[in-house]
1. Between Ala124, Ala145, which is without any contact (Cβ under 8 Å) to a residue 60 or more places away in the chain, surrounded by fewer than 18 Cβ atoms within 10 Å (Cβ to Cβ) and of a type in the set (A, V, I, L, M)?
2. I need a count of the residues in segment 170-184 that are under 29 Å from the mean Cα position of the chain (by Cα) and open to solvent by 40 Å² or more (accessible area, probe 1.4 Å).
3. Please count how many residues of segment 254-270 are outside any helix (DSSP H, G or I) and buried (at least 20 other Cβ atoms within 10 Å of the Cβ).
4. Are any residues in segment 370-386 surrounded by fewer than 21 Cβ atoms within 10 Å (Cβ to Cβ), assigned to a loop (DSSP other than H, G, I, E, B) and either among the polar types (S, T, N, Q) or more than 25 Å from the chain's Cα centre (by Cα) (or both), and if so, which ones?
5. Among the residues of segment 184-220, write down those that are out of contact with any helix residue (DSSP H, G or I) (no Cβ under 8 Å at 6 or more places or on another chain) and basic (Lys, Arg).
6. Of Leu535, Leu506, which residue is aliphatic (A, V, I, L, M), part of a strand (DSSP E or B) and within 25 Å of the chain's Cα centre (by Cα)?
7. Looking only at segment 522-535, decide whether some residue is in contact with a strand residue (DSSP E or B) (Cβ under 6 Å, 6 or more places away or on another chain), in contact (Cβ under 8 Å) with a residue 40 or more places away in the chain and acidic (Asp, Glu).
8. Among the residues that make up segment 598-606, is at least one of them open to solvent by less than 50 Å² (accessible area, probe 1.4 Å), closer than 26 Å to Cys73 by Cα and part of a loop (DSSP other than H, G, I, E, B)?
Amino acid sequence: MLSESVLCLLTEDLLIRLLDKLGPDRKQWRLVCKDFLRVELVSRKSIRILRIEFLLRLLEKFCNIETLDLSLCPRIEDGVVSVLLTQGSASWTRGLRRLVLSRATGLGHVGLEILIRACPMLEAVDVSHCWGYGDREAAALSCAARLRELNMDKCLGVTDIGLAKIAVGCEKLERLSLKWCLEISDLGIDLLCKKCLDLKFLDVSYLKVTSESLRSIASLSKLEVFVMVGCSLVDDGGLRFLEKGCPLLKAIDVSRCDCVSSSGLISVITGHGDLEQLDAGYCLSELSAPLVKCLENLKQLRIIRIDGVRVSDFILQTMATNCKSLVELGLSKCVGVTNKGIIQLLSGCGNLKVLDLTCCRFMSDVAISTIADYCPNLVCLKLESCDMVTEKCLYRLGLNCSLLEELDLTDCSGVDDIALRYLSRCSKLVRLKLGLCTNISDIGLAHIACNCPNMTELDLYRCVRIGDDGLAALTSGCKRLTKLNLSYCNRITDRGLEYISQLGELSDLELRGLSNITSIGIKSVAISCQRLADLDLKHCEKIDDSGFWALAFYSQNLRQINMSYCIVSDVVLCFLMGNLKRLQDSKLVCLPKVTVNGLEVALRACCGRIKKVKLQRSLRFLLSSEMLETMHARGCKIRWD
C-alpha cells in the first residue's frame, strides 16, 4: 500500500518513464499496480498479438497504438477483420502507422483492403511471406496513399500489374522490398522508378530482371540502399548505368550475381565516393588488385562482405592501406586467407568490430591472437571450421576483447575446457556457438556459466561430453537464455531437463536425437518454460504419449514443433495439433504409431491456422485430396520429405 500511495504522487510523465525502464518486468508491474496499468493503456505505442481470442479486447484497451503486429497470430482472415471493425470501438485504427501481416496467409484481398482503408494514417505495411498474394492484394495495398514503407518479400503471385498499382497509388514510398517476387520484370521496375521518386531503399533480390532495370533504377536520385542479391541476368553493363545515377547511394549488395565482375563494381565505386557498405559475396571469382585499389577512394567505407572470393596476402595488405575505416569485414569461405594476410590486414584495420572468417581453414592461433591484440573493440567474431584454433588464441581473446558479444567456434576441434576457461573472461558474451566441439565437457561449460550471465543463445550441437552436471551449472549462471541447442548430446537425461525447466526466458529448444530423455523430463520443461515457442524433438524415441499430452496442455505458446520419428499415437497427436492454438509449423515425418486416418484427423484439427507442415512423401496419395486442397486454400504450405 505504501508503494502504491507513493506512485499516486508521481505525474503521468514520470510514471511512463519508470514503466519504460522496467523492461521485461513491465507486465508484472502493471498487473499489480493500477497507476502503471493506467499509463500503459494510454502510452503504449506498439502491440504484438499472440492469441486471436484476445485481439478485439486488447485493441479496445490500447487505443493509442501506432504499430500492430499480427505476424504471430494464426487464423487472421477476412472475417476476423470484419469483426474487428464492426464490433466495439474501432478508434485504434485512427492512429495506426505500422501494420505487420507477415505470414498472414489466410487474409485475402477483401479483408486486406477493408483493413487498409480503415487506417488513414498508415505509413508502413509488412506482408512478407504471404506467398499466395497476387495482384488483387497489391491493389488493396495501393489504397494506402500515405504509405512510405512496404515489405512484399516472397509474395509470389504479384506481377508487373500489381506493382504498377502500388506505384501509382503509393507515390510517397521510401522503402520497398520485392525479394522473391518472381513474376516482376523490367517493365514493373521501370514504372516503379518513374512514379516513386522518393525511394531510398529498394530490394529486388532474386527477381528475373535484366540490366535494363538498373537503367531505370539509376534515375532514383534519393536512393541510398540498393539490394540485388541473386539477380543472375544483371551484368556489368547494368552496374555501369549506376555509375552516373543514384547520387546518394551509400550501400549496394550484388551478392550471388553470377554475371557481375570486378569491372562492374569498379564502375559503381567510381561514381559513388560516399559509399559506406559493399556486399559482393559469391559473385567474384577473385578480388582483383584494380578493385581493391579503387577502394581507397571510398573514405566512408565501413562494411565489406566478400564471402566466397579468392584473395591473397597482397590483396589483404592493400585493403589494410586503402580501407582504414572498416568496422565490419566478411571473408567467409574465402580461399587464400592465411596468417600472414590477416596480420597484414589488421595493421591498418584496427577498428574492426565484426569479423567473419568462417571456413578459413589455414588460419592458426597466430592470426587469431593478432586479431585479439589489434581489435580491442571486437563485438562479433565468427571462426566456424577454423580447426587450427586452440586455447592459446582464446587466451588472448579473453584477455583483450572484453566487449565481445558473439563468438562462433562451431567445428573448432581444438577448443577444450581450458579454452572455455580463458574465454569466460569475455563476460559480455551474448551468443556462443560451440557445436561439434567434442573436446569440451561439463567443466568448461561451468566456466562459461559462472562468468557470462548475459548469455541468451548457446549452441552445443553434438558436444557429446556435455551432460546433466553441465546443465546444472548453465541454468544456475545463465538465467537469460532464450535459445539452447542440445541436439545429440546423449549424456543428457531427464535430470538435465529438470535443470532446463528453470530457464523462464527460454523460447527455442533443440533436443534432437537425445536418446536418454523421456516424457518425465519433457513434462517438467512444458510446465515451467511458458515462453517456449520452438521445440525440436526429432528422434527422441523414448518420449511417449504422456510427454506430448503435457506439451499439448502446458505449452500454449508453441509456434513450431518437430516430432518426426517420435512415438505418439493418433489420439494424442490429434489433441496436440488441435489444442496448441498458436502452432504454425510442424514436422510430422515418420510417426510409426500414427495411422493415415489419425494423421488426417490431426491435420483437420489445426487446419486454418497451421502455415507449414512437413509430411512423409509416401503419404502424398494416401491423404484425401479434399483435405490437402483445403489446407492449401487456407494458406498452409505442405513439404513432402
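1. Of Ala124, Ala145, the one residue that is without any contact (Cβ under 8 Å) to a residue 60 or more places away in the chain, surrounded by fewer than 18 Cβ atoms within 10 Å (Cβ to Cβ) and of a type in the set (A, V, I, L, M) is Ala145.
2. 7
3. So the answer is 5.
4. Correct list: Pro376, Asn377, Ser385.
5. Hits for segment 184-220 are Lys200, Lys208.
6. Values: Leu506 fails: part of a strand (DSSP E or B).
Sole residue among the options that is aliphatic (A, V, I, L, M), part of a strand (DSSP E or B) and within 25 Å of the chain's Cα centre (by Cα): Leu535.
7. No, there is no match, as no residue in segment 522-535 is in contact with a strand residue (DSSP E or B) (Cβ under 6 Å, 6 or more places away or on another chain), in contact (Cβ under 8 Å) with a residue 40 or more places away in the chain and acidic (Asp, Glu).
8. No, there is no match, as no residue in segment 598-606 is open to solvent by less than 50 Å² (accessible area, probe 1.4 Å), closer than 26 Å to Cys73 by Cα and part of a loop (DSSP other than H, G, I, E, B).
The values are calculated or read from the model by the stated rules, or taken from the named source; none is laboratory data. In this text the structure is predicted, and so the values were computed from the model without any measurement. Because the Cβ atoms are built from the backbone with ideal geometry, glycine has one as well, and the counts that use them run over all protein chains shown. Accessible surface is based on the protein model in full, side chains and every heavy atom, while ligands, DNA and RNA are left aside. Shrake-Rupley method; radii C 1.70, N 1.55, O 1.52, S 1.80 Å.
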